[in-house]
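*Asks:* Mind looking over this structure? Questions follow.
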Amino acid sequence: MDNNISKCLPINGTDYVEFYVGNAKQAAHYYQSAFGFQPVAYAGLETGLTDRVSYVLRQNKITFVLTGTLTPDSEVAKHHIKHGDGVKVIALWVDDAQKAFEETTARGADVDFEPKSYSDEDGEVVLASIKTYGDTVHTFVERKNYNGSFLPGFMEWNPNYRPTETGLTYVDHIVGNVGWDEMNNTVDYYKDVMGFEQLISFDDKDISTEFTALRSKVMANDNMRIKFPINEPAKGLKRSQVEEYLDFYVGAGPQHVALTTDDIVSTIASLRERGVDFLHVPDEYYENISDRVGNIDEDLKILKKHNILIDRDDKGYLLQLFSKPVEDRPTFFFEIIQRKDAISFGKGNFQALFESIELEQHSRGTL
Ligand code: FE2
């Protein structure tokens, strides 16, 4: 790849993921009670906002912002009417937001908002934002001169209600679903505008069942802290999960956020106990699993009991599981992943998953 391009946009990691939701107060409670996120900050009428309210939650290196509207005609309201609950902002932590903005817009990124500095008693933050697929945006966050817990303009949110964490540690990757034949344009955007590189490619023969199919390419930045698989639907006999997403989200958008854990068995057990629903994995999945994945540290019986999926690549293996959609529409969901040196995304599991997802679609009448 062209190193000049990749070096023009150094990214330290995912800064935060912001969801636009129908009821931020109740969504915040769900992320506390079900996922064990800890309360960090709040903004709303009390901090001088008039059109929206935001709750900031954190678990280790994962920061989520849940934003709801206070008026019927705000940007948040319009987004929510169209898309339902979903990810609006994938914020990227950079050392120089002005430069990140200039470099990407010079190479063709559409502007969401121009660089702007915000400060309070904890220091200064510079934010700038560009558009990506659908109505999703990438906000560059420069916080090297800031010591506050989130951003200027937010106040401390310190409720008594604090369920324990569930062992989630950081954002591993964020998958985008784009429309028919839009995958390559989106991949080119990440290559040409952001300086990302393609990691692995699946074609529709890799990920399909008798009825449905998808194509996927994975884009990553040079230090691999940002990984964005991009899916598009492929022709099948019936409506695929990506088509179902596009229909219900009304366009392209983030499909899932993968969160890592150092102990997937305890994390999944805890999430299930707190009411998070996961995709069902058929018993047959585990029948010949040893032939496919070889020796692993974990007890297969325990993995089977918790319905945890296993896949291997040439670097190691990974353990993963996918939640059911976490909002009313069958759109966005979470992946929980533990990497044991594998750098891939569970290609060997896609077949088993597709069949499980089709069962879910069948129950919704959307296959
Ligand atoms: Fe994933």
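*Asks:* For segment 138-179, enumerate the residues that are touching a strand residue (DSSP E or B) at 6+ places or on another chain (Cβ under 6 Å), more than 20 Å from ALA43 (Cβ to Cβ) and more than 16 Å from the ligand (Cβ to nearest atom).
*Replies:* Result: HIS138, ASN145, GLU165, GLY167.
*Asks:* If LYS324 satisfies every condition in (1) surrounded by fewer than 18 Cβ atoms within 10 Å (Cβ to Cβ); (2) within 16 Å of the ligand (Cβ to nearest atom); (3) touching a residue at least 60 places away in the same chain (Cβ under 8 Å) but one, which is the exception?
*Replies:* Of (1) surrounded by fewer than 18 Cβ atoms within 10 Å (Cβ to Cβ); (2) within 16 Å of the ligand (Cβ to nearest atom); (3) touching a residue at least 60 places away in the same chain (Cβ under 8 Å), only one is false for LYS324: (3).
*Asks:* Shifting gears a bit: Where residues in segment 60-95 are part of a loop (DSSP other than H, G, I, E, B) and at negative phi, which of them is surrounded by the most Cβ atoms within 10 Å (Cβ to Cβ)?
*Replies:* ASP85
*Asks:* Would you mind stating whether PHE140 is in a loop (DSSP other than H, G, I, E, B) and of a type in the set (Phe, Trp, Tyr)?
*Replies:* Here the answer is no, as PHE140 does not meet what is asked.
*Asks:* Still on this structure, I have one more. Would you confirm whether any residue within segment 338-356 is buried (at least 20 other Cβ atoms within 10 Å of the Cβ), farther than 26 Å from GLY253 by Cβ, touching a helix residue (DSSP H, G or I) at 6+ places or on another chain (Cβ under 6 Å) and among the hydrophobic types (A, V, I, L, M, F, W, C)?
*Replies:* Checking segment 338-356: not a single residue is buried (at least 20 other Cβ atoms within 10 Å of the Cβ), farther than 26 Å from GLY253 by Cβ, touching a helix residue (DSSP H, G or I) at 6+ places or on another chain (Cβ under 6 Å) and among the hydrophobic types (A, V, I, L, M, F, W, C).
*Asks:* Looking at segment 237-284, which of the residues that are of a type in the set (A, V, I, L, M) and within 15 Å of the ligand (Cβ to nearest atom) is farthest from LEU303 (Cα to Cα)?
*Replies:* Looking at residues that are of a type in the set (A, V, I, L, M) and within 15 Å of the ligand (Cβ to nearest atom), I get VAL242.
*Asks:* Scan segment 281-312 residue by residue and report those that are in contact with a Gly (Cβ under 9 Å, 6 or more places away or on another chain) and open to solvent by 30 Å² or more (accessible area, probe 1.4 Å).
*Replies:* ARG292, ARG312
*Asks:* Inspect all residues belonging to segment 225-236 and state whether any of them is at pLDDT below 95 and open to solvent by 20 Å² or more (accessible area, probe 1.4 Å).
*Replies:* yes
The values are calculated or read from the model by the stated rules, or taken from the named source; none is laboratory data. This one's a predicted model, so the numbers in the text were calculated from it and none came from an experiment. When we count neighbours, we look across all protein chains shown, and the Cβ atoms used for this are built from the backbone with ideal geometry, even at glycine. We work out accessible area using only protein heavy atoms, side chains counted, and drop any ligands, DNA or RNA first. Shrake-Rupley method; radii C 1.70, N 1.55, O 1.52, S 1.80 Å.
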